[in-house]
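Below is one structure; the comments refer to it alone.
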Amino acid sequence: MSLAGARDPWQREFNETRQLGDDCFLLLQERASQLQLNAAASVARLSAASRRKLNALNSKIDRLEATVAEETCACIAVTLVPTRVSLAPAQHGARVGPQTRHGGPVEDTQRAAG
């Protein structure tokens, strides 16, 4: 699936998640107002509804994060495939390997003893 094609379902899921977040916020506000009125039955009902919606919201956020991670990996893979990775030293002829305490390269005899 192309990234452009994947964006539409992701955007739809994002909008649903945002709406669910708004619903949770409103439920919690209503619960707080009922708590001030000492309406125990209403508070219990709103608490249960809030927990259910918050669990659903967590699941939706997890799905969105997973989708973003998958798309990010796909973008990185697409970007890296045509690129050659070189492990050669930056300067031509420079030696890469362990360094001594004073910063110079370790001689082969030192490497064998070390």
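The values are calculated or read from the model by the stated rules, or taken from the named source; none is laboratory data. Since the structure is predicted, the reported quantities are computational estimates derived from the model, not experimental observations. Here the Cβ is made from the backbone with ideal geometry for all residues, glycine too, and neighbour counts use every protein chain on show.
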Q: Kindly provide the set of residues from segment 28-57 that are more than 20 Å from residue 18 (Cα to Cα) and either outside any helix (DSSP H, G or I) or touching a residue at least 40 places away in the same chain (Cβ under 8 Å) (or both), ordered by number.
A: 37, 38, 39
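For segment 29-44, give me each residue that is surrounded by 15 or more Cβ atoms within 10 Å (Cβ to Cβ) and not acidic (Asp, Glu).
Quick first cut of segment 29-44, residues surrounded by 15 or more Cβ atoms within 10 Å (Cβ to Cβ) only: 30-31, 34, 42-43.
Across segment 29-44, the qualifying residues are 31, 34, 42, 43.
Condition check: surrounded by 11 or more Cβ atoms within 10 Å (Cβ to Cβ), assigned to a helix (DSSP H, G or I) and modelled with pLDDT under 90. Does residue 111 satisfy that?
Working: surrounded by 11 or more Cβ atoms within 10 Å (Cβ to Cβ): yes; assigned to a helix (DSSP H, G or I): yes; modelled with pLDDT under 90: yes.
Spelling it out, residue 111 is indeed surrounded by 11 or more Cβ atoms within 10 Å (Cβ to Cβ), assigned to a helix (DSSP H, G or I) and modelled with pLDDT under 90.
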